[in-house]
Amino acid sequence: MKISVIGAGNVGSLTAMRLVQEGLGDVVLIDVVNGLAHGKALDLEDARALLKYNYNIKGSQDIADIKDSGLVIITAGLARKPGMTREELLAKNSSILKDICLKIKELAKSAIVLVVTNPLDIMTYYALKATGFKSNKVFGMGVSLDSARFTNIISQELNIPNTDIEAMVIGSHGEGMLPLAGLAKVKGVPLDEFIDEEKSAALVKRTIGRGAEIVANLGTGSAFFAPSAAILAITRAIVKDEKKTIPVCAYLNGEYGIKDSCIGVPCRLGKNGIDAIIELDLEKQLKDKLVICASSVRESAQQLGL
Ligand SMILES: NC(=O)c1ccc[n+]([C@@H]2O[C@H](COP(=O)([O-])OP(=O)(O)OC[C@H]3O[C@@H](n4cnc5c(N)ncnc54)[C@H](O)[C@@H]3O)[C@@H](O)[C@H]2O)c1
C-alpha cells in the first residue's frame with residue numbers, strides 16, 4: 001500500500017520510520033517546509049543498508065505526491081505548547097487541515113484518512129466533512145494512545161507487565177477523556193480487585209494529565225514516541241486487515257445515543273477502515289459523559305462553520 005504521512009515533524013517522521021521498518025508499505029513524507037521531508041527521507045533511506053532491509057521512502061514538499069495513496073496520515077499542524085489547551089489549537093490547525101483535505105479529495109479519492117493533528121476529535125470531524133468521504137474511511141488516532149498511557153500507568157502501579165493489562169480510554173482526546181477503570185482487567189481479573197477506589201481515581205487522573213505532563217517536561221513540543229507507535233498499530237490493522245478492535249475517534253450516527261459527532265470509541269479496523277463500531281455496555285454516568293464530549297465537538301465544529 002502507498003502510505004502518505006503529511007507533516008514531517010516529530011510525530012510524522014517517527015511514524016514514517018516505524019512504518020517502513022515494519023514493511024507496511026511505500027511511504028511518502030510531505031511537509032511544507034522546504035527540504036524538510038526530503039532531508040528526513042534521505043536520512044531514513046541511508047538507514048536501509050545498516051538495517052539490511054530495503055524499504056521505499058520518499059520525501060517531498062509537493063502534496064501532489066500523495067496521489068493514489070491507500071492511506072493518508074495527517075500529522076501536519078502545530079503541537080501543543082506548555083499551558084496551551086488542545087482547543088486553542090483549533091483555529092490554526094483547522095486552516096492547515098482544510099487545504100490538505102481538499103488535496104486528498106482530489107488526489108487520493110479512495111484513501112483511508114487517519115487524522116492525528118490536534119484538537120483531535122474536532123479535526124477528525126473537520127476532515128470527514130472537508131473530504132466528504134464515507135465515515136468508515138476517516139477517523140482519528142487519540143484514545144488508543146490514551147489507552148496505552150492508562151495501561152502503562154496501571155502496569156507501573158501494580159508492577160505487572162503491560163502485556164497482562166487490558167485497559168481502555170474512550171471519549172475525547174483531551175481533558176474530557178474517559179479512562180474506563182471499571183472495565184480494566186489484569187489477566188482477566190478486574191482492576192478493582194487489586195486497588196481501592198481512591199487509588200484507581202488517582203491512576204485515572206494521572207492518565208488524563210499524561211500528555212500535559214510530557215509537554216511540561218519536554219519544554220517544547222509534545223509527545224511523539226508513543227503517538228507514532230499508536231499510529232503504527234492502527235496502520236498495521238488496516239494494511240494487514242487484522243479486524244482488530246482499537247479505540248479510535250469515529251463518526252457516530254446513533255451509536256451510544258450520539259448523532260453527527262466524532263468521538264473516541266472502540267472500533268474493529270481492517271482494510272476498509274472501520275468495519276464496525278463496538279458499543280460498550282456503559283453505566284449511565286459514563287454514557288452521559290460521552291454524550292457531553294460529543295456535544296462539545298459539535299459546538300467547536302459549529303465555531304468552524306460546519
Ligand atoms: N492525536 C494524538 O494522539 C497526537 C499525539 C501527538 C501529537 N499530536 C498532534 O500532531 C500534530 C503534530 O505534532 P508534532 O509533534 O509532529 O509537531 P511538529 O511541529 O514537530 O510537526 C508538525 C509539522 O507539520 C508541518 N506542517 C504544517 N503545515 C503543513 C502543511 N500544510 N502541509 C504539510 N506539513 C505541514 C510543519 O512544518 C511541521 O514540520 C500536532 O497537532 C500535535 O498536537 C496528536
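The values are calculated or read from the model by the stated rules, or taken from the named source; none is laboratory data. None of these values were measured; they are calculated from a predicted model. So basically every Cβ, Gly included, is an ideal-geometry build from the backbone, and we count neighbours across all protein chains shown. Only protein heavy atoms, including side chains, enter the accessible area calculation; ligands, DNA and RNA are left aside. Shrake-Rupley method; radii C 1.70, N 1.55, O 1.52, S 1.80 Å.
Out of Met177, Met168, which single residue is buried (at least 17 other Cβ atoms within 10 Å of the Cβ), among the aliphatic types (A, V, I, L, M) and within 11 Å of the ligand (Cβ to nearest atom)?
The unique qualifying residue is Met177.
Quick check on the stretch 1-16: of everything there that is within 15 Å of Ile74 (Cα to Cα), open to solvent by 10 Å² or more (accessible area, probe 1.4 Å) and among the aliphatic types (A, V, I, L, M), which residue is farthest from the ligand (Cβ to nearest atom)? Ranking the qualifying residues of the stretch 1-16, first place goes to Leu14.
Exactly one residue out of Asn152, Asn159, Asn136 is open to solvent by 20 Å² or more (accessible area, probe 1.4 Å) and in contact with a strand residue (DSSP E or B) (Cβ under 8 Å, 6 or more places away or on another chain), and it is Asn136.
Taking residues in the stretch 202-229 that are more than 9 Å from the ligand (Cβ to nearest atom), and partners anywhere that are at pLDDT below 95, the pairs with Cβ atoms closer than 6 Å and at least 6 places apart or on different chains are Val215/Arg80; Val215/Pro82; Val215/Ser222; Ala216/Pro82. Hey, does the stretch 246-261 have a residue that's open to solvent by 70 Å² or more (accessible area, probe 1.4 Å) and assigned to a loop (DSSP other than H, G, I, E, B)? Taking every residue of the stretch 246-261 in turn, none turns out to be open to solvent by 70 Å² or more (accessible area, probe 1.4 Å) and assigned to a loop (DSSP other than H, G, I, E, B).
Among the helices (runs of 4 or more DSSP H) confined to the stretch 143-235, the ones with at least 1 residues that are modelled with pLDDT under 95 are located at 210-218.
One residue is enough: does the stretch 207-222 have a residue meeting the conditions at negative phi, open to solvent by 70 Å² or more (accessible area, probe 1.4 Å) and in contact with a strand residue (DSSP E or B) (Cβ under 7 Å, 6 or more places away or on another chain)? The answer is no; no qualifying residue exists. Among all positions in the stretch 168-181, there is at least one residue which is closer than 28 Å to Ser296 by Cα and free of Cβ contacts under 8 Å to residues at least 24 places away in the same chain. Residues in the stretch 121-141 that are assigned to a helix (DSSP H, G or I), out of contact with any Ser or Thr (no Cβ under 6 Å at 6 or more places or on another chain) and of a type in the set (D, E, K, R): Lys129 only.
Checking each residue in the stretch 17-35 for being in contact with a strand residue (DSSP E or B) (Cβ under 9 Å, 6 or more places away or on another chain) and open to solvent by 60 Å² or more (accessible area, probe 1.4 Å) picks out Met17, Asp26.
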